[in-house]
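So the structure is just underneath, and the comments pick up after that.
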Amino acid sequence: MSTEPPPSGSGQPPDDDPFRKPPPTTPGSGSPYDTPQNAQGPYDTPPPNNPYGGAAPPPPPPYGGDPYGAGGYGGGQDPLAGMPPLADSGRRVLARIIDMILVAIVVGLLAWAFGLAEYETDPDKVEYGKQFAQSLLAAVLYIGYDVLMTTKTGQTLGKKWLKLRVANLDNGATPSAQTNLIRAVVLWVPAVFCCACIWTAISGGWSFFDKPYKQGLHDKAAKTVVVTSA
């Protein structure tokens, strides 16, 4: 088996990703929760007063299982086990506002430099070609910023300053470029071309009500969560 890390954009986190959760322990690995291989369970032999006989059914999965479907993440086991705590939704909103301001400044400067700035509100005077070009520029910059920063470290500048990080729900690793692209497109394309701040508020604000993973709609599309990084 090759020991080389997976190629960039393969969708698989590298083995040396410091945030990737360790694999579960196996019997005999020294974990204090291991069951000795020759140990007899209380239901291995039906007790005389057991009216049902046979082995007891397995216990239900912890935390009610995985809402993405049984077996989707670890065969129904809680995918958050071993991860840092989920991020507070208020801090997520603040981090997003910081990122929006930073990128908006760059969008405004580039739109002005290329003569694309369009702030007219009178429909008879609006130049729709410029307006579309400015929206396209904003979409490219917002999506590119999110994808590049989050693929590298799991953090945009806003998340870094507020000590937050985006992680794969299934293994806690830094999401791949494809995953981050899905996440960014779901968040920014409707916001830039259609619903402006309304969609951003709905998608990001969803985390205030979502249980158990506090996901925004863009997190759900990409199967990611936001956790604390400190």
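Some notes on this structure:
- Any chance Val227 is assigned to a helix (DSSP H, G or I), within 22 Å of Gln178 (Cα to Cα), among the aliphatic types (A, V, I, L, M) and open to solvent by less than 40 Å² (accessible area, probe 1.4 Å): no
- In the set (1) buried (at least 18 other Cβ atoms within 10 Å of the Cβ); (2) in contact with a helix residue (DSSP H, G or I) (Cβ under 9 Å, 6 or more places away or on another chain); (3) not in a helix (DSSP H, G or I), the condition left unmet by Gly172 is number (2).
- The residue that is surrounded by the fewest Cβ atoms within 10 Å (Cβ to Cβ), among those in the stretch 90-105 that are out of contact with any strand residue (DSSP E or B) (no Cβ under 9 Å at 6 or more places or on another chain) and not β-branched (Val, Ile, Thr), is Gly90.
- Residue, modelled with the highest pLDDT, within the stretch 106-139, restricted to residues that are open to solvent by 90 Å² or more (accessible area, probe 1.4 Å) and either under 19 Å from Thr200 (Cα atoms) or of a type in the set (A, V, I, L, M, F, W, C) (or both): Leu109
- Scanning the stretch 127-148 turns up no residue that is under 18 Å from Pro84 (Cβ atoms) and not aromatic (Phe, Trp, Tyr).
- Qualifying positions in the stretch 175-219 - touching a helix residue (DSSP H, G or I) at 6+ places or on another chain (Cβ under 8 Å), farther than 19 Å from Met100 by Cα and assigned to a helix (DSSP H, G or I): Ala177, Thr179, Phe208
- Long-range neighbours under 8 Å by Cβ, at least six apart or interchain, first residue over 18 Å from Leu162 (Cβ atoms) and of a type in the set (Asp, Glu) within the stretch 201-230, second at pLDDT 95 or above and surrounded by fewer than 21 Cβ atoms within 10 Å (Cβ to Cβ): Asp210/Lys220
- Selection status of Val185, at pLDDT 95 or above, open to solvent by less than 50 Å² (accessible area, probe 1.4 Å) and of a type in the set (A, V, I, L, M): no
- Taken as a whole, the condition of being out of contact with any strand residue (DSSP E or B) (no Cβ under 7 Å at 6 or more places or on another chain), free of Cβ contacts under 8 Å to residues at least 24 places away in the same chain and either farther than 16 Å from Arg92 by Cβ or open to solvent by 30 Å² or more (accessible area, probe 1.4 Å) (or both) does not apply to Ile143.
The values are calculated or read from the model by the stated rules, or taken from the named source; none is laboratory data. Quantities reported herein were computed from a predicted structural model and do not represent experimental measurements. Because the Cβ atoms are built from the backbone with ideal geometry, glycine has one as well, and the counts that use them run over all protein chains shown. We work out accessible area using only protein heavy atoms, side chains counted, and drop any ligands, DNA or RNA first. Shrake-Rupley method; radii C 1.70, N 1.55, O 1.52, S 1.80 Å.
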